[in-house]
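Every number in this text was worked out from the coordinates using simple rules, so none of it is lab data. Since the structure is predicted, the reported quantities are computational estimates derived from the model, not experimental observations.
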Amino acid sequence: MNRYERPPLAAGEAEIEYLDGDIRVLRPGAFVRCAATGVPIPLEELRYWNVDLQEPYASYHAKLQRMGMKLAK
């Protein structure tokens, strides 16, 4: 491995602490599960979470779904 290659990611689910505008990896892993849908979210694609509930979401649709809101069509 040269200095430009990334070290391999740990396989399995990560444990994350969700902060305001950032995350802290407590246990390395490749993904977290969406709290609303249960789908795996690769860490590099994680964009939505709730700090108070400490939950990740796959999309803003999933976050609204988890909050009990419906999208207008």
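Side notes on the structure shown:
- For Glu55, the amide hydrogen comes within under 5 Å of the amide hydrogens of Asn50, counting only partners 5 or more places away or on other chains and with H modelled in the peptide plane.
- 3J(HN,Hα) couplings calculated from phi for the range 41-49 with the Karplus curve 6.51 cos²θ - 1.76 cosθ + 1.60 (θ = phi - 60°) are, in sequence order, 10, x, 4, 6, 9, 6, 10, 10, 7 Hz; Gly and Pro show x.
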